[in-house]
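The values are calculated or read from the model by the stated rules, or taken from the named source; none is laboratory data. Just so we're clear, the structure is a prediction, and the values are computed from it rather than from any experiment. As a convention, Cβ positions derive from the backbone with ideal geometry for all residues, glycine included, and neighbour counts pool all protein chains shown.
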Amino acid sequence: MKLDRMIGILSVLLQKEKVTAPYLAEKFEVSRRTINRDIEALCMAGIPLVTEPGVNGGVSIMEGYKIDRTVLTTSEMQAILAGLRSLDSVSGTKRYAQLMEKLSVGASNLLTGDTHILIDLSSWYKDSLSPKIELLHGALLSGHKVSFSYFAPGGESERTIEPYDLLFQWAGWYVWGWCELREDFRLFKLVRMTDLSVGGTFEKRAVPFPDLSAGRVFPGRFQVRVRVMPEYRWRLVEEYGPDSFSEEPDGTLLFTGTFADKMHVITWIVSFGDGAELLEPEELRTDVLKFAEGIRGKYTRALTDGNCG
């Protein structure tokens, strides 16, 4: 991208007294003519660059012109690099690391410094997720609609959206866009999207930033109290934090929390097997029992049919 390259050229000139156009062309993998156009653009942007012909010539920043070379410290640049590496973990490429390398020419300690912060934003679905992110990113930059099949608790539907933002939140990737079906802005989870295709262009509209508060996205409709066996303490800590429960005199754990829908409550309780008991709300105890009896009946019939065979 032109902007990335121009920033890279400026970074090189800040760290070297003088460089040649062929050197810059080779570094940024473009033609010498492209480098000359970039230098002209930088001059038009107010950066006084001087081009000297001859054997000892080259491009440099005008003597006496001051640019703060310490706007970012080494530690700050390393933090940026950690973030760029995390984006590479999603795309499956080294695009952002290569960009950082170009921006840090002449200061290799930025790349070989603190590498103890590792951020991996990929998921179990990386092979199918990365192409979706690339397609959506390209569509939102170019202003093209995207159509797809969407699988949600309420059922499957066909959607067409105007994509505006990609978000990583709650350990998952989402796209924020204007949904033609709902005629409003909606948040879609990428792993629930299939058969993506890019459509026609759209005229971009004013975009409100999505309300990503937990209460807005996951409204707490059901306040629950659950008795959990002590061997599942690790799970409560991992999923809801150490303040989500208290220890009873008999060693069991009393969990309190909120859930957005009834099925989430039921499946969460059942996932503990006999290691958890729903105490409140009382009316959901019957639903948990029916759910468990349904599972028991299915496996009982399967075993009976198997024995008969």
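Conditions (1) touching a His at 6+ places or on another chain (Cβ under 9 Å); (2) modelled with pLDDT under 95; (3) more than 30 Å from residue 252 (Cβ to Cβ), marked per residue:
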| site | (1), (2), (3) |
| --- | --- |
| 129 | no, yes, yes |
| 167 | no, yes, yes |
| 191 | no, yes, yes |
| 195 | no, no, yes |
| 198 | yes, no, yes |
| 233 | no, no, no |
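If the condition is being hydroxyl-bearing (Ser, Thr, Tyr) and over 33 Å from the mean Cα position of the chain (by Cα), then the range 205-259 contributes 246, 252. Assess whether residue 231 counts as being closer than 21 Å to residue 171 by Cβ, of a type in the set (Asp, Glu), in the same structural domain as residue 260 (by TED's automatic domain parsing) and not in a strand (DSSP E or B). It is false that residue 231 is closer than 21 Å to residue 171 by Cβ, of a type in the set (Asp, Glu), in the same structural domain as residue 260 (by TED's automatic domain parsing) and not in a strand (DSSP E or B).
Residues in the range 134-144 that are out of contact with any helix residue (DSSP H, G or I) (no Cβ under 7 Å at 6 or more places or on another chain) and in contact (Cβ under 8 Å) with a residue 40 or more places away in the chain were compared, and the one that is surrounded by the most Cβ atoms within 10 Å (Cβ to Cβ) is 136.
Each row is one residue, and each column tells you yes or no for (1) more than 30 Å from residue 274 (Cβ to Cβ); (2) without any contact (Cβ under 8 Å) to a residue 24 or more places away in the chain.
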position: 146; (1), (2): yes, no
position: 151; (1), (2): yes, no
position: 163; (1), (2): yes, no
position: 179; (1), (2): yes, yes
position: 192; (1), (2): yes, no
position: 197; (1), (2): yes, no
position: 221; (1), (2): no, no
position: 238; (1), (2): no, yes
position: 251; (1), (2): no, yes
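Evaluated against (1) out of contact with any strand residue (DSSP E or B) (no Cβ under 7 Å at 6 or more places or on another chain); (2) of a type in the set (Lys, Arg); (3) not assigned by TED's automatic domain parsing to the domain that holds residue 281, residue 192 falls short on exactly one condition, (1). For the range 163-184, check the following and say yes or no: at least one residue is more than 22 Å from the chain's Cα centre (by Cα), over 19 Å from residue 136 (Cα atoms) and surrounded by fewer than 13 Cβ atoms within 10 Å (Cβ to Cβ). Yes, some residue in the range 163-184 is more than 22 Å from the chain's Cα centre (by Cα), over 19 Å from residue 136 (Cα atoms) and surrounded by fewer than 13 Cβ atoms within 10 Å (Cβ to Cβ).
Could you please find all residues in the range 130-162 being acidic (Asp, Glu), within 20 Å of the chain's Cα centre (by Cα) and assigned to a strand (DSSP E or B)?
162
For the range 45-58, a residue qualifies if it is among the aliphatic types (A, V, I, L, M) and more than 36 Å from the chain's Cα centre (by Cα), and the qualifying residues are 49, 50, 55.
Comparison of 286, 252, 256 shows that the only residue that is over 26 Å from residue 169 (Cα atoms), out of contact with any Pro (no Cβ under 9 Å at 6 or more places or on another chain) and of a type in the set (S, T, N, Q) is 286.
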